[in-house]
Amino acid sequence: MSKRIGVFGGSFDPVHIGHLWIAEAAREHLSLDEVRWIPAATSPLKTNGPIASDEDRLQMVRLAISGNSHFVLDERELRRGEMSYTVDTMTELVAEHPGDNFFLIIGSDSLETFDRWREPKRLLELVTLAVIQRGGDPVVDVSVVDQYVDANEPNQNAVSVVPMPLIQASSTDVRNRLANGKSIRYQVPAAVEAYLHANKIYQR
Ligand code: ATP
């Protein structure tokens, strides 16, 4: 039987409670069999590269998702090491799982930049976008994908908006709080908080 697979990419610098919540909300809303977490080597649209090392980001995701049998860590983008283009990763995954359905989980801030992604039209042939409204974004504007969907053959599955409460959490905020000696308790899982303190990551 074909599976429904969620793919969740990001810098995860570090992983925070918002990431976990949106992955779980997408899993439930879309009846996903699994969510693959794929830390990016370098995200093409981010101005700066990640601050924590690849190994630390991986380990923090590993700690964060342990205990959820639907969550899987996928290290391929870090192993590949170069710029992480989602279309390359999805092409690989679809070839490995013929017949399965893929859902790419993204926040609404990522959707806004969709027209600057590599090969957006081809990407939409491979996945349905599972979009979560991000705190600060007034609405989820899905019209950015219209230009890539054939008007004569409307792809009803191009985007699915996942309902959930707005979460303001961001990795930037967690990093800033650590740099300023502030508490990050409950903003990241306890094991990730302990890892960040033990390894003095993001601290001045
Ligand atoms: P940074 O603050 O460093 O930019 P971030 O918190 O956005 O990081 P990423 O690892 O870049 O974290 O995010 C991965 C994906 O998760 C992106 O698609 C992003 O839009 C989404 N995301 C992150 N936090 C939230 C949130 N609070 N609500 C909705 N989506 C989110």
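Values in this text are rule-based calculations from the coordinates and carry no lab data. Note that the structure is predicted; figures quoted are calculated from it, not measured. Positions of Cβ are generated from backbone atoms using ideal geometry, with glycine treated the same way; all protein chains shown enter the neighbour counts.
Here are a few things to note about the model shown:
- Estimated dipole of segment 4-169 in Debye, rounded to 20 [Cβ of Lys and Arg +1, of Asp and Glu -1, Cα centre]: 220 debye
- Relative contact order of the chain: 24 percent, from C-alpha pairs under 8 Å at least 6 residues apart in sequence.
- Least to most buried among S11, S31 (fewest other Cβ within 10 Å first): S31, S11
- Anchor K200: lysines whose Cα lies under 17 Å away (excluding residues fewer than 8 positions away in-chain): K182
- Local net charge near N101, Cβ-Cβ under 12 Å (Lys/Arg +1, Asp/Glu -1): -1
- Least to most buried among M60, M83, M1, M90 (fewest other Cβ within 10 Å first): M1, M83, M90, M60
- Listed residue (N68, A191, N48) projecting farthest to the positive dipole end of the chain, Cβ model: A191
- Under a 5 Å amide H cut-off, with hydrogens placed 1.01 Å from N, G107 pairs with I132 among residues at least 5 apart or on other chains.
- Environment charge of P44, counting only residues whose C-beta is closer than 9 Å and scoring Lys/Arg +1, Asp/Glu -1: +3
- Proxy reagent accessibility, fewest Cβ within 10 Å first, across V188, V127, V72: V72, V127, V188
- Kirkwood-Stokes translational diffusion coefficient of the chain, alpha-carbon pairs, 25 °C, 0.890 mPa s, µm²/s: 140 µm²/s
- Enclosing the Cα atoms of segment 108-204 in their convex hull gives a volume equal to 140 cubic angstrom per residue.
- A Stokes-Einstein calculation at 25 °C with viscosity 0.890 mPa s, built on the Kirkwood radius of segment 58-161 over Cα pairs, returns a diffusion coefficient of 160 µm²/s.
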